[in-house]
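Asks: Shown below is the structure under consideration.
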Amino acid sequence: MATAEDEITLHEMVEVIVTILNARDPYTYEHSWRVAALCEQIAKEMNVPQKWIDTLHIAAHLHDIGKVGIPDFILNKPGKLLPYEYELIKAHSIIGYQIVHKIPILQEIALYIRHHHERWDGKGYPDGLAGKEIPLGARIIAVADTFDAITTHRPYRSPRSLGEAFTEIKAAAGSQLCPETCEVFIGMEKKITQLLGIVEQELKETGRSLKK
């Protein structure tokens, strides 16, 4: 029988899950680290309680965990996705929710995972939530996720500059993305390069960076 000393912590459990993600898809693993760091900084700028920031940080690390259920040929496809392939990709938010929500202490985190592709204008997925129907944690992840997707290399396109990414974030405020969260993120512009540098160093120290 396990003793109190044998019980794993929440962060240890999350580490196991993200290690699985690293084995399945190293890019998504690195992406999750950057998104988690960006989300944590956005939340700090919003002056929310530290306990909530910690929850958001874990959710951001796990937001794409559902991609473990997506076939490699779709995840790594170099060209535009066909309609049915895009529908399969969209399923990752529900798959991630289904993986995580069965753990009672991760219920809130599961909701952020499920809804991080909802849009402020209600045209997102999987549930078509709009505005403040979307949990704040999911809205923050959406902004950080969008920024990192724009600025990193993907099989189907080259990375764009930080300046271009901020321009896109501004343009998406009030349609795709939460305007309040975008405003906070745009105010972080001068901190981004240093923040991303810290994340890259952390990844190198763990031996999990693609940039060796």
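Asks: Suppose we filter 113, 109, 95, 103 for residues that are under 21 Å from residue 9 (Cα atoms) and open to solvent by 30 Å² or more (accessible area, probe 1.4 Å); which single one remains?
Replies: Checking each option against the conditions leaves just 103.
Asks: Across segment 176-191, what is the total count of residues that are open to solvent by 40 Å² or more (accessible area, probe 1.4 Å) and part of a helix (DSSP H, G or I)?
Replies: At the first step, the residues of segment 176-191 found to be open to solvent by 40 Å² or more (accessible area, probe 1.4 Å) are 176, 179-180, 183, 186-187, 189-191.
Adding the requirement that they be part of a helix (DSSP H, G or I) leaves 179-180, 183, 186, 189-191.
Residues flagged as open to solvent by 40 Å² or more (accessible area, probe 1.4 Å) and part of a helix (DSSP H, G or I) within segment 176-191 amount to 7.
Asks: Just one of (1) of a type outside the set (Lys, Arg); (2) out of contact with any helix residue (DSSP H, G or I) (no Cβ under 8 Å at 6 or more places or on another chain); (3) open to solvent by less than 40 Å² (accessible area, probe 1.4 Å) trips up residue 83, so point out which.
Replies: It fails just one condition, (3).
Asks: Hey, another quick one. Collect the residues in segment 66-80 that are in a helix (DSSP H, G or I) and surrounded by 14 or more Cβ atoms within 10 Å (Cβ to Cβ), keeping them in residue-number order.
Replies: Keep residues of segment 66-80 that are in a helix (DSSP H, G or I), which gives 66-69, 72-75.
Within segment 66-80, 66, 67, 68, 69, 74, 75 meet the criteria.
Asks: Additional query: Quick check on segment 192-211. Is at least one of its residues part of a loop (DSSP other than H, G, I, E, B), open to solvent by 40 Å² or more (accessible area, probe 1.4 Å) and aliphatic (A, V, I, L, M)?
Replies: Yes: one or more hits.
Asks: Could I ask something else about it? Would you point out the residue of segment 37-65, among those that are acidic (Asp, Glu) and surrounded by fewer than 23 Cβ atoms within 10 Å (Cβ to Cβ), that is modelled with the lowest pLDDT?
Replies: Applying the filter and picking the extreme gives 54.
Asks: Does segment 136-153 contain at least one residue that is among the acidic types (Asp, Glu), over 21 Å from residue 75 (Cβ atoms) and open to solvent by 10 Å² or more (accessible area, probe 1.4 Å)?
Replies: No.
The values are calculated or read from the model by the stated rules, or taken from the named source; none is laboratory data. Keep in mind that this is a model prediction, so the values were computed, not measured. Every residue, glycine as well, gets a Cβ built from its backbone with ideal geometry; the counts of neighbours run over all protein chains shown. For the accessible areas, the whole protein counts, side chains as well, though only heavy atoms, and no ligand, DNA or RNA atoms are used. Shrake-Rupley method; radii C 1.70, N 1.55, O 1.52, S 1.80 Å.
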